[in-house]
Amino acid sequence: MADAHKIDIDSLVAIDVHTHAEVSEVTGCGALSPELQEAADQYFAKAHIHRPPASEMAAYYRERKMMAVVFTVDATTTMGVAPVPNDEIAQAAADNPDVLIPFGSVDPHMGKYAVNQVHRLVREHDVKGFKFHPNVQNFFPNDPQYYPIYQAIAEHDRIALFHTGQTGIGAALPGGGGIKLRMANPMYIDDVAADFPGLKIIMAHPAFPWQDEALAVATHKRDVYIDLSGWSPKYFPPNLIRYANTLLQDKVLFGSDFPLITPDRWIADFETLDIKDTVRPKIMKLNAAKLLGLI
Ligand SMILES: [Zn+2]
């Protein structure tokens with residue numbers, strides 16, 4: 001990513017590597033069915049969550065002197081609804097290059113079309129990575145039928161970000177809204193990392209109930225990182241905090257999962273954790289800045 005524009009890292013409070021543009025200002029639609037959206041609101045906030053479009057997110061993050069990686073999840077096949085358009089998110093990022101870093105999302109079930117979209121989104125919009133959600137998109141990441149998609153991402157030296165661990169999507173619905181948890185086991189990502197050496201991978205979230213697996217994969221595979229989004233730091237397991245402070249201090253990244261969790265709440269709770277002073281800036285911004293080629 002040699003063409004990434006360089007930033008003034010000192011004036012930056014944080015880089016949030018995990019935010020969702022969940023509503024399109026063009027179509028007015030979200031990437032989830034209304035039923036799943038309501039269930040996610042209850043799970044994360046016990047209240048209705050405001051979901052701003054990408055352009056509004058730029059103002060929100062600029063106010064806080066933060067940058068944010070922003071994406072949608074294309075689950076067209078499983079949800080039966082069109083995603084927030086990648087192009088709209090990329091355009092918002094192009095309009096706000098000091099704040100927003102665009103990732104794309106492709107539906108893994110779309111085969112060659114998905115591969116072509118990877119190429120197109122990198123060439124036309126210079127997206128820096130791709131978000132995958134094995135539960136919502138209903139696929140096993142290590143199935144070789146999806147490997148051409150990773151191959152395309154690797155060719156462009158972009159990042160593949162995978163949801164791992166339990167998901168709030170479908171939580172407390174009958175049958176979890178039909179969503180299967182097992183697909184988000186980090187051990188499937190271990191296979192992908194082994195088969196694509198050099199591909200930069202972010203495993204998103206504390207990977208409950210497979211936290212040890214996630215720590216093992218990130219320790220063993222050079223180019224696999226962990227983002228801490230989706231959970232209040234108050235609930236981080238002790239081994240995650242221990243690894244973040246030591247062995248994995250260069251590979252753990254701040255992420256909120258906005259709008260489900262706000263960066264303000266996440267950071268306030270993170271401040272109460274026993275993290276070394278030398279490690280804090282790495283997690284909040286330095287590790288991400290290096291990974292994203294911003295410094
Ligand atoms: Zn996410």
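Do you know which residues across segment 50-90 are surrounded by fewer than 18 Cβ atoms within 10 Å (Cβ to Cβ) and hydrophobic (A, V, I, L, M, F, W, C)? Across segment 50-90, the qualifying residues are 59, 81, 82. Please determine whether any residue of segment 106-120 is assigned to a strand (DSSP E or B) and either of a type in the set (A, V, I, L, M, F, W, C) or surrounded by fewer than 24 Cβ atoms within 10 Å (Cβ to Cβ) (or both). Among the residues of segment 106-120, not one is assigned to a strand (DSSP E or B) and either of a type in the set (A, V, I, L, M, F, W, C) or surrounded by fewer than 24 Cβ atoms within 10 Å (Cβ to Cβ) (or both), which makes the answer no.
Restricting attention to segment 18-33 and to residues that are of a type in the set (S, T, N, Q) and over 20 Å from residue 69 (Cα atoms), the residue that is nearest to the ligand (Cβ to nearest atom) turns out to be 33.
Here is a list: 189, 226, 241, 201. Which entry is over 17 Å from residue 141 (Cβ atoms) and either away from the ligand (no atom under 15 Å from the Cβ) or touching a residue at least 12 places away in the same chain (Cβ under 8 Å) (or both)?
Working: 189 fails: over 17 Å from residue 141 (Cβ atoms); 226 fails: over 17 Å from residue 141 (Cβ atoms); 201 fails: over 17 Å from residue 141 (Cβ atoms).
Just a single option satisfies the conditions, and that option is 241.
Quick check: anything in segment 210-221 out of contact with any helix residue (DSSP H, G or I) (no Cβ under 7 Å at 6 or more places or on another chain), aliphatic (A, V, I, L, M) and without any contact (Cβ under 8 Å) to a residue 60 or more places away in the chain? Lay out the reasoning, then the answer.
Applying the first criterion (out of contact with any helix residue (DSSP H, G or I) (no Cβ under 7 Å at 6 or more places or on another chain)) to segment 210-221 yields 216, 218-220.
Restricting the remaining residues to those that are aliphatic (A, V, I, L, M) gives 216, 218.
The next check asks that each one be without any contact (Cβ under 8 Å) to a residue 60 or more places away in the chain; those that pass are 216, 218.
Yes.
Of all residues in segment 31-38, one or more are in contact with a Lys or Arg (Cβ under 9 Å, 6 or more places away or on another chain) and surrounded by 15 or more Cβ atoms within 10 Å (Cβ to Cβ). Out of the residues in segment 141-158 that are surrounded by fewer than 17 Cβ atoms within 10 Å (Cβ to Cβ) and farther than 14 Å from residue 199 by Cα, which is farthest from the ligand (Cβ to nearest atom)? Here the answer is 144. Taken as a whole, the condition of being out of contact with any His (no Cβ under 6 Å at 6 or more places or on another chain) and either closer than 30 Å to residue 7 by Cβ or not hydroxyl-bearing (Ser, Thr, Tyr) (or both) does not apply to residue 165.
Just to be sure I understand, how many residues within segment 121-138 are crowded, with 16+ Cβ neighbours inside 10 Å and outside any loop (DSSP other than H, G, I, E, B)? Explain how you work it out, then say what you get.
In the first step, residues of segment 121-138 are kept if they are crowded, with 16+ Cβ neighbours inside 10 Å; the result is 121-122, 125-138.
Add one more test, that the residue is outside any loop (DSSP other than H, G, I, E, B), and what stays is 121-122, 125, 129-132.
Selection size over segment 121-138: 7.
Listed here are the helices (runs of 4 or more DSSP H) enclosed by segment 172-246 that have at least 3 residues being modelled with pLDDT of 95 or more, under 16 Å from the mean Cα position of the chain (by Cα) and on the phi < 0 side of the Ramachandran plot, and there are none.
So is residue 183 within 16 Å of the ligand (Cβ to nearest atom), closer than 27 Å to residue 33 by Cα, touching a helix residue (DSSP H, G or I) at 6+ places or on another chain (Cβ under 7 Å) and aliphatic (A, V, I, L, M) or not? No; evaluated as a whole, the condition is false for this residue.
The single condition among (1) of a type in the set (Gly, Ala, Ser); (2) in contact with a Ser or Thr (Cβ under 9 Å, 6 or more places away or on another chain); (3) over 22 Å from residue 15 (Cβ atoms) that residue 207 does not satisfy is (3).
I'd like to check something: does segment 182-197 contain any residue that is within 30 Å of residue 14 (Cα to Cα) and touching a Ser or Thr at 6+ places or on another chain (Cβ under 6 Å)? Among the residues of segment 182-197, at least one is within 30 Å of residue 14 (Cα to Cα) and touching a Ser or Thr at 6+ places or on another chain (Cβ under 6 Å), which makes the answer yes.
Is there a residue being touching a strand residue (DSSP E or B) at 6+ places or on another chain (Cβ under 7 Å) and within 19 Å of residue 43 (Cβ to Cβ) anywhere in segment 169-190? Break it down stepwise before answering.
We begin by selecting, within segment 169-190, every residue touching a strand residue (DSSP E or B) at 6+ places or on another chain (Cβ under 7 Å); these are 184, 186, 189.
After this cut, where a residue has to be within 19 Å of residue 43 (Cβ to Cβ) as well, the list is 184.
Looking for residues that are touching a strand residue (DSSP E or B) at 6+ places or on another chain (Cβ under 7 Å) and within 19 Å of residue 43 (Cβ to Cβ), one finds at least one in segment 169-190, hence yes.
The values are calculated or read from the model by the stated rules, or taken from the named source; none is laboratory data. Quantities reported herein were computed from a predicted structural model and do not represent experimental measurements. In this analysis, Cβ positions are derived from the backbone assuming ideal geometry, glycine residues included, and neighbour counts consider all displayed protein chains.
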